[in-house]
Amino acid sequence: MTWAGVRFSFFRVLGLLRRTGISLRARGLGGTWTRVRDHLHPRPVVPAASLYAPPRSPFAPFALDTSDAPRVSIVIPVYGQFAHTLDCLRALAAHPPSTPHEVIVVDDGSTDETPACLPRIDGLRYHRRAQNGGFIAACNDGASLARGDTLVFLNNDTVPQPGWLEALLATFETRPGTGLVGAQLLYPDGRLQEAGGLVFNDGSGWNYGKFGDPADPRYAYARDAHYCSGAAIAVPRSVFERLGGFDARYAPAYYEDTDLAFGVRSLGLGVRYQAASRVVHCEGVTSGTDVTQGMKSYQVANRGTFAAKWAPALASQPAPGGDVDAAAWPVKPTLLVIDALTPDTTRDSGSLRLVNLMRLLMDDGWHVVFLPANRRDAGAATQALQALGVEAWHAPYAPRPPAWFRRHGPRFDAVILCRHYVAREFLPLVRQHAPRARLLFDTVDLHFLRERRGAEASGDVQALRTAARTRDLELDVIRRSDVTLVVSEVERALLAQEAPQARVEVVSNVHEVAGPGLPFAQRRDVVFVGGFRHPPNVDAVLWFARDVWPTVHARRPDLVFHCIGADVPPEIATLSSVGGIRVHGHVPDLDPFMDGARIAIAPLRFGAGVKGKVNLSMAHGQPVVATSCAVEGMHLRDGEDVLVADAPDAFADALLRLYDDEALWSRLAAHGLDNVRRHFSADAARDAVRRALGTD
């Protein structure tokens, strides 16, 4: 083990012991055990259910749930092999895509039961070619018949899995500039067949990940690819037509999909593989797998045609025989993000900030890699990052950090370490194994400031001493980092005094403006949103329920206080017995509460940083009643953007006044939306991020 690895292990143990002591005072034994378990027990989620396969039975007419006004045209070329075509169509019928679509089957001269049976499937557009012309001719015919704006080419020997089409199409939205997207292709036994294709400088290709584990992080995220197999690809019809369709010089088949991908890139558009779109492919059903005979022999002949056509582009491709993982890594600046846990945007505002920051970085041309300090597979949260295009790692595929850094460290041009206790552990590894990387320390919020304020609010002398120690540790990480990120000008001003030598940039919460939501008259009730692993949120809700809500409930017994947040402790759960209070716990979809509740509250009595709960509500046109602590550093004006009150009676009065004053409500709602646009949007953060990374 290297000295950096030894230091990593030492600081990890020391940090865990220290944070355990802090957590015991703030959260008690139950909450502390949950956090320790999250850090010490990385484990994969429960394996996915078996792949869907339609039951085999004799043909009987059925219907596809297609549209007369399709957005997407699914083109399926067929030549015999009716049983496989039937499986494909039955899968589409059993799990119909939610996007308005049509299904066009182009029969390239089948002599089995295909022409007799397919016309009996309701909702299917069946087209029979006059004579056999091969895969390329059939696909181009199907494209000419299409009515949708997006073409999806699907082999007849595939079984698309539920949600496959939505995941393909979402890539065009999440990754602007995409011109072609391919699915993750699986063998029927669940092994990986292709995670996008590699093309080498001699024109040869390779199905990246072939026979591998589809859950391996190398293959499980949406990434740039050299090409994607035509067995399941989506391309805007305008792009396909601009390129003249599949090039007929490759007729009857092979290399036409690779050629199309290179054509898409020649237009300045991206070719991407989407792991969230899963399609089972029975490879070689029609043409076999022997490249020395039959249709498959065209694969060898067409390689020369392809190499001659794209010789200038191939010069920059990797050479065959090298490290295939390195060949698959995107050719763009690469940035590593490490946080304690995988961000889950359905659970806390800090997660939303980090995910939106990663989106911003990808939009700015960075390839983003994420490693949680606990190496845990967070299930849906991990998959959400991967679907966006983040290369998200986890155990068992990611070994212990020292070994992982030895393999991946040289890739990184920049590293963002989130939270001082994470940064303290990983900083030596970054400096040793990623020596050229710019190191950014993201405070998330200044922990020592939050701890100090909490100790002052509770009068806990021992907690004050702990906060002083946190200050020393946090300032030490700041001194050893190239750039420090804080979330507010208040924190930057504090660091100007505490660490005057540090380079500090303000990168606050990053939110998308959702819009005004429902109007005043259609909204009702009061809502709080905040995860209860965060001690300030527990204190805030208890204070509001104990000291503020009785006044509100006595004057307006019709109002309901909706308390939303994950990891509800017993003292919060018991509030459900209080009149007018409903404790919901974790709610996966907050939009109904953001768009439908009339007022949000942020009754925080201590804390630090910028409060995502305030941003979130304002981004939905939902006015907020808050304490001074909750709106610190957020550019908000009392009475114009927000109502601020710190005493219980004043807080109750402000809430009740706002609840019934439509003019005041409308003014705060409009100004809150404008505040998010000006100070907390991606555009507002972009310049600061570029300065921090040295790319401005």
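The values are calculated or read from the model by the stated rules, or taken from the named source; none is laboratory data. Please read all numbers here as calculations on a predicted model, not as lab measurements. Ideal geometry is used to build each Cβ from the backbone, glycine not excepted, and the neighbour counts take in all protein chains shown.
Tabulated data for the structure shown
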{"item": "Inter-residue pairs, beta-carbon under 6 Å, first free of Cβ contacts under 8 Å to residues at least 12 places away in the same chain and in the same structural domain as residue 143 (by TED's automatic domain parsing) and in the stretch 70-86, second polar (S, T, N, Q) and buried (at least 24 other Cβ atoms within 10 Å of the Cβ), 6+ apart", "result": "none"}
{"item": "Count of residues meeting criterion [surrounded by fewer than 16 Cβ atoms within 10 Å (Cβ to Cβ) and either more than 18 Å from residue 157 (Cβ to Cβ) or not charged (D, E, K, R) (or both)] in the stretch 105-126", "result": "6"}
{"item": "Helices (runs of 4 or more DSSP H) wholly inside the stretch 367-445 that include at least 1 residues being over 22 Å from the mean Cα position of the chain (by Cα) and surrounded by fewer than 24 Cβ atoms within 10 Å (Cβ to Cβ)", "result": "401-408, 420-433"}
{"item": "Criterion: in the same structural domain as residue 166 (by TED's automatic domain parsing) and under 22 Å from the mean Cα position of the chain (by Cα) - qualifying residue of 250, 219", "result": "219"}
{"item": "From the options 595, 567, 591, 558, residue that is of a type in the set (Asp, Glu), in the same structural domain as residue 655 (by TED's automatic domain parsing) and touching a Phe, Trp or Tyr at 6+ places or on another chain (Cβ under 9 Å)", "result": "567"}
{"item": "Residue list for the stretch 446-462, filter: surrounded by fewer than 20 Cβ atoms within 10 Å (Cβ to Cβ), of a type in the set (Gly, Ala, Ser) and in a helix (DSSP H, G or I)", "result": "457, 458"}
{"item": "Residue in the stretch 272-289 that is within 28 Å of residue 365 (Cβ to Cβ), of a type outside the set (Phe, Trp, Tyr), at pLDDT 95 or above and touching a Lys or Arg at 6+ places or on another chain (Cβ under 7 Å) present", "result": "yes"}
{"item": "Residue that is surrounded by the most Cβ atoms within 10 Å (Cβ to Cβ) [pool: residues in the stretch 503-519 that are of a type outside the set (Gly, Ala, Ser) and within 15 Å of residue 615 (Cβ to Cβ)]", "result": "509"}
{"item": "Test: residue in the stretch 679-692 that is closer than 24 Å to residue 492 by Cβ, without any contact (Cβ under 8 Å) to a residue 12 or more places away in the chain and assigned to a helix (DSSP H, G or I)", "result": "yes"}
{"item": "Subset of the stretch 508-522 (residues that are under 30 Å from residue 686 (Cα atoms) and either acidic (Asp, Glu) or free of Cβ contacts under 8 Å to residues at least 40 places away in the same chain (or both))", "result": "512"}
{"item": "Total residues in the stretch 481-498, condition within 24 Å of residue 635 (Cα to Cα) and surrounded by fewer than 17 Cβ atoms within 10 Å (Cβ to Cβ)", "result": "5"}
{"item": "Hey, residue 577 surrounded by 24 or more Cβ atoms within 10 Å (Cβ to Cβ) and hydroxyl-bearing (Ser, Thr, Tyr) or not", "result": "no"}
{"item": "Matching residues, the stretch 221-264, being in a helix (DSSP H, G or I) and surrounded by fewer than 18 Cβ atoms within 10 Å (Cβ to Cβ)", "result": "237, 238, 241, 242, 248, 249"}
{"item": "Residue under evaluation residue 628, criteria (1) more than 25 Å from residue 445 (Cβ to Cβ); (2) out of contact with any helix residue (DSSP H, G or I) (no Cβ under 8 Å at 6 or more places or on another chain), criterion not met", "result": "(1)"}
{"item": "Failed condition for residue 483, given (1) modelled with pLDDT of 95 or more; (2) out of contact with any helix residue (DSSP H, G or I) (no Cβ under 6 Å at 6 or more places or on another chain)", "result": "(2)"}
{"item": "Subset tally (residues that are of a type outside the set (Asp, Glu) and at pLDDT 95 or above) for the stretch 318-339", "result": "6"}
{"item": "Filter result for residue 510 (more than 30 Å from residue 575 (Cα to Cα) and out of contact with any Pro (no Cβ under 9 Å at 6 or more places or on another chain))", "result": "yes"}
{"item": "Per-region count, the stretch 92-104, residues closer than 17 Å to residue 234 by Cα, in contact (Cβ under 8 Å) with a residue 40 or more places away in the chain and either not assigned by TED's automatic domain parsing to the domain that holds residue 80 or not in a loop (DSSP other than H, G, I, E, B) (or both)", "result": "4"}
{"item": "Sole exception among (1) at pLDDT below 95; (2) within 22 Å of the chain's Cα centre (by Cα); (3) more than 27 Å from residue 168 (Cβ to Cβ) for residue 346, by number", "result": "(3)"}
